[in-house]
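One structure is given below, encoded as structure tokens.
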Amino acid sequence: MNQRIDQLDGKLSMAHFYVAFIALALGGLAGLLQTLVRTGEFILPFNIGYYQVLTVHGVLLGLVLTTFFIIGFLYASLSKTTGTLSLRVRRWGWIGFVTMTVGTSITAVSILLGKASVLYTFYAPLQAHPAFYIGLTLVVVGSWISGFSMFSHYGKWKKQHPGKVSPLISFMAIITMIMWLVATLGVAATVLIQFLPWSLGIVDTIDVLISRTLFWYFGHPLVYFWLLPAYMAWYVVIPKIIGGKIFSDALARLSFILFLLFSIPVGFHHQLTEPGIDPSWKFLQVVLTFMVAIPSLMTAFSMFATFELYGRSKGATGLFGWFKVLPWGDARFFAPFMGMLIFIPAGAGGLINASHQLNQVIHNTIWVTGHFHLTVATTVLLTFFGISYWLIPHITGRILTKAMNKLAIIQTIVWCIGMAFMSTSMHAAGLLGAPRRSSFSTYGNSAQALEWIPYQIAQAIGGSILFIGIILVLVIVINLAFFAPKGETEFPIGEVAEEAESTPMIFENWKLWVGVLVILILIAYTIPFIDMIQNAPPGSKGFPHLL
Ligand code: HAS
């Protein structure tokens, strides 16, 4: 294991982080504007459209910030634990980065010019300028290049260490990337086969149901692609930061394998209200959705075990004695911990969403927006901030000063307060039927809309507080990248507890797990897909130009 990651590898990670944090600044500003518009008291200047701002927000935060941050973090984790990247791997890493950045710029320009106000899900029949789809394709292709370069790096390590269990964080990085690659096949298919020909005018129609199905085949594993890097930090980094041990290496690997298997064949739970999919297939995917909650419950168990073992080693007693001995003053711990805490209600919300009948109540309401602001925008993002507080200074050869640590703690508190206002009011307004994705003007004068106003004001208050949170985190990140005092910062990698069982080699059998994944996907999707193509509405056959 490298004590400090190679400087050139660090530069590759930092390049990804710069794009990620620029996306955070711009996407966050768009978010603030949205909450203000939704109060009905604020009109966007210069003829900027509500959906334009909403698209900027969703694409920059949901797709750009996350993908860039994650790839930067995965490279750093691999370089730390499976050796310095070779020249070839690093070069492909840069090619991937440049491809993704060019793609992001093309997509961003098309949205800013008002030619692609189609939101981050770009549902048909909303149509964008072809540049939007070309840009997205480049982002995906760039991420594939990075993915394959990571696989080749990991493969080299495996060859050099036959019969050995690979380092836990590298194993997790590879699972995350395999999941991403398999998932993005869906979005690549819909963009290349359906959206691009349609937006270029080569074909006149598009099969809406197939495009949504391919999108959600990608869209759900997308959310676990966001979550797994946070879990990497929880399982491997947090135990070291608190001074404890990883509860079980085998349990951590098993939970990641379960994520790989069950994250993908569950997309129908976003389409429960859609006609054209037989209810029995929806039922199957709902069952699989509940299966994918299990590795999260295993993660909760594992984290509690790590905290408790550490607490007992410090003399803590009773059920929650460990709580008092945790390092509350350390932002590297505090930010991810608040993410964990908030994941408890956030995950419960997910289970409500997945329950077919309850989904009828909340689907397409702003409850769903509340759900993903707790999951991705709090649990995941606070963990990413926590990672930045040690990874950026580790790479730049600087330290997190006491003042910056304090600011990071304040930032976490500000974020939690802002999100409490925003997400709670979103959940509540959703239960009153307030739709997601609607500008105030659509519903402005109806009696029902008046009922939602107090909640929309609460969202604007929350959005404003969160924007302050974004400014604070940017101050910290800029400080850590350019101005903090020079020094050594640790890349914390936890050790496994002595009492833990050894890790069975079957977890490293990639052919087996990818094989099971393919079978599960075929079971969950083949027949419904054939149904969709055979029963496509007139004039909109599945892929008309190919048939
Ligand atoms: Fe979700 C919609 C179901 C998790 C993100 N989800 C969305 C959308 C997004 C999203 C972005 O079934 C909207 C997409 C759109 O634009 O339409 N979601 C689930 C389920 C889970 C879940 C079952 N979602 C996530 C995560 C996300 C995310 C994670 C991002 C990162 N979601 C749905 C469904 C919909 C949906 C439906 C569609 C709704 C509709 O109709 O449109 C599960 O994975 C959740 C399992 C989680 C748990 C919690 C475990 C708790 C842990 C914390 C431990 C804490 C500790 C600290 C140790 C079971 C691990 C304790 C300390 C103390 C002191 C107590």
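The values are calculated or read from the model by the stated rules, or taken from the named source; none is laboratory data. Just so it is clear, the structure is predicted and the values come from calculations on it, not from any experiment. As a convention, Cβ positions derive from the backbone with ideal geometry for all residues, glycine included, and neighbour counts pool all protein chains shown. With ligands, DNA and RNA removed, areas are computed over all heavy atoms of the protein, side chains included. Shrake-Rupley method; radii C 1.70, N 1.55, O 1.52, S 1.80 Å.
Data overview
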item	result
Solvent exposure of region 400-495 as accessible area per residue, Å², 1.4 Å probe	47
Spin-label zone in region 242-268 - amide nitrogen under 16 Å from a point set 7 Å from the Cα of LEU185 along the C-beta vector	260-267
Distance-filtered residues of region 175-194 - backbone nitrogen under 12 Å, label point 7 angstrom along LEU522 Cα→Cβ	none
Semi-axes of the equivalent ellipsoid for region 7-546, Cα gyration tensor, largest first, Å	35, 28, 24
Cα→Cβ-extended label distance, 7 Å offset, between LEU341 and PHE46, nm	4.0
Cα-centre dipole for the chain with unit charges at Cβ (Lys and Arg positive, Asp and Glu negative), debye to 20	1120
Peptides 20-27, 83-90 ordered by average Cβ neighbours within 10 Å, highest first	20-27, 83-90
Among GLY430, PRO336, SER355 - extreme Cα towards positive end, dipole of the chain, charges at beta-carbon	PRO336
Extension reserve of the LEU297-ILE506 stretch, reckoned as 0.36 nm per residue once the Cα distance is removed	73.0 nm
Built amide H within the under 5 Å cut-off of ARG4, gap 5+	none
Net length gained if the chain between MET14 and PHE148 were fully extended (0.36 nm per residue, minus Cα distance)	46.3 nm
FRET efficiency, TRP94 to SER446 (Cβ-Cβ, R0 60 Å, nearest 0.05)	0.65
Top positive-direction residue, dipole computed over region 7-546 with Cβ charges, set VAL223, THR317, THR99	THR99
Net length gained if the chain between ILE530 and PHE323 were fully extended (0.36 nm per residue, minus Cα distance)	69.2 nm
Surface accessible to a 1.4 Å probe, LYS240 within the full protein complex, Å²	80
Computed [θ] at 222 nm, helices only, for the chain once each DSSP H run of length n ≥ 4 contributes -39500 (n - 2.57)	-23000 deg cm²/dmol
Computed label-point distance, nm, for sites GLU498 and VAL109 using a 7 Å Cα→Cβ extension	6.2
Carbon and sulfur %, accessible surface of region 7-546 computed with the full protein complex present, 1.4 Å	71
Karplus (6.51, -1.76, 1.60) ³J(HN,Hα), θ = phi - 60°, over region 460-474, in Hz, Gly and Pro reported as x	5, 4, x, x, 5, 5, 5, 5, 4, x, 5, 4, 4, 5, 5
Computed FRET value (nearest 0.05) for PHE283 with GLN7, which takes r as the C-beta separation and R₀ as 51 Å	0.45
